[in-house]
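Enquirer: Below you'll find the structure I mean.
Bear in mind these aren't lab numbers, they're just calculated from the coordinates by the rules spelled out. If you're wondering where the values come from, they're calculated on a predicted model, not measured in any experiment. Methodologically, a virtual Cβ is constructed for each residue, glycine included, from the backbone with ideal geometry; neighbour enumeration extends over all protein chains shown.
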Amino acid sequence: MATVRWESYPHAATATPVRSWLQLQMNLQLAPKTIDAYARSLEDYLLFCSRRGVPCETASREDVAAYVHDLAVRPHPHASRLHHLPSGTGLSNATMQLRLTAVRLFYDYLMERQIRADNPVGRGRYTPGKAFGGTRERGIIPHFRRLPWVPNDDQWQAILRTLGAETARNRAMVLLAYDGALRREELLLLETGDIDPAYRQLTIRAETTKNRNGRVVFYSEYTARELGAYLRHRRTLSTARGPVFLSESRRNSGQPLSPGMWNKVVQGIAVRADVVQLHTHTFRHVRLTHMARAGLDIHRIAVYAGHRSTETTLLYLHLSGRDLADSVTRGMAEIDRWLAATVGGPQS
């Protein structure tokens with residue numbers, strides 16, 4: 001069962017209604033990452049309410065509007081590495097949406113408990129006539145859907161060249177993340193029993209995925225050699241079955257590699273390759289973009305990626321430029337024929 005790291009969220013831990021709501025989400029079997037995201041969001045909101053001198057249970061829509069403004073103007077902790085926030089202030093649109101979603105759901109819970117009569121965020125309840133072809137209620141902030149960043153060919157080559165100086169574990173992790181289009185948690189939660197070396201395939205268990213859909217992915221012959229070299233080295237750390245990727249630090253030797261340590265490994269690769277935008281999800285983005293450029297059917301890419309909807313997969317088709325390039329080529333050819341027939345006729 002998912003648990004909340006209460007020591008990381010002291011305000012949420014001591015606020016009775018917040019703790020009760022988070023406990024309810026844990027009982028409903030939400031993913032651990034979702035629980036932590038909700039706890040982090042509510043901790044931030046409680047801190048804001050405390051600074052404003054307003055109990056969260058009685059906050060008004062004006063208080064929520066002030067919170068939105070605070071999210072939009074506060075210094076961004078990673079501004080130096082984010083090229084789409086040139087001002088260095090404000091959280092990303094996706095983070096703001098997440099924070100407000102957690103706050104909205106929490107107030108829905110307070111309404112169900114009859115602690116308050118309305119939801120100051122203003123959304124979350126079904127209104128007849130607002131869906132299925134009707135006009136939907138506008139969100140409290142606009143929703144932006146940015147395209148995922150992928151490195152160009154030169155940057156990707158620079159990233160790959162840095163792997164030569166990495167450990168066997170790190171090389172295997174990068175190559176598997178790319179070949180299997182794996183999310184960070186899917187990679188870190190791989191177990192030895194998930195590997196089928198005879199067919200060079202990985203079973204991604206449903207409980208480790210974002211949307212609880214299991215799938216099977218494959219890896220290349222070169223990756224198989226790198227993975228084999230790491231597995232031989234792994235036996236010097238632990239002979240037990242379980243998580244594939246283990247820590248090699250003196251303090252945690254033989255323990256499962258943590259998300260924080262993997263983040264640091266990728267950040268180190270980014271620095272050495274001089275590609276500061278690189279992050280743990282980039283390998284997945286690159287793989288899916290390469291699959292789209294290779295002409296694979298969108299439904300096959302969606303199944304391989306574990307997408308619940310092909311709408312998400314369309315982002316990678318757009319990034320690849322495949323459909324757009326084909327459409328532009330056909331359109332320009334038609335325009336050229338029309339111009340030749342209309343403008344390029346016999347001269348007087």
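Enquirer: Which one of Thr16, Asn27, Ala94 has its Cα pushed farthest toward the positive end of the charge dipole of region 6-112, where Lys and Arg give +1 and Asp and Glu give -1 at the Cβ?
Expert: Checking the options against the dipole of region 6-112, the answer is Ala94.
Enquirer: Filter the trypsin sites (Lys or Arg not before Pro) in region 228-296 down to the DSSP loop ones having no more than 12 other Cβ atoms within 10 Å, then list what survives.
Expert: Arg235, Arg241, Arg250, Arg251
Enquirer: Exactly which trypsin sites (Lys or Arg not before Pro) in region 1-72 are in a DSSP loop and have at most 14 other Cβ atoms within 10 Å?
Expert: Arg5
Enquirer: Sort Glu226, Glu221 so the one with the fewest other Cβ atoms within 10 Å of its own Cβ comes first.
Expert: Lowest to highest Cβ neighbour count: Glu221, Glu226.
Enquirer: Ranked by Cβ crowding within 10 angstrom, fewest neighbours first, how are Trp262, Trp21 ordered?
Expert: Trp262, Trp21
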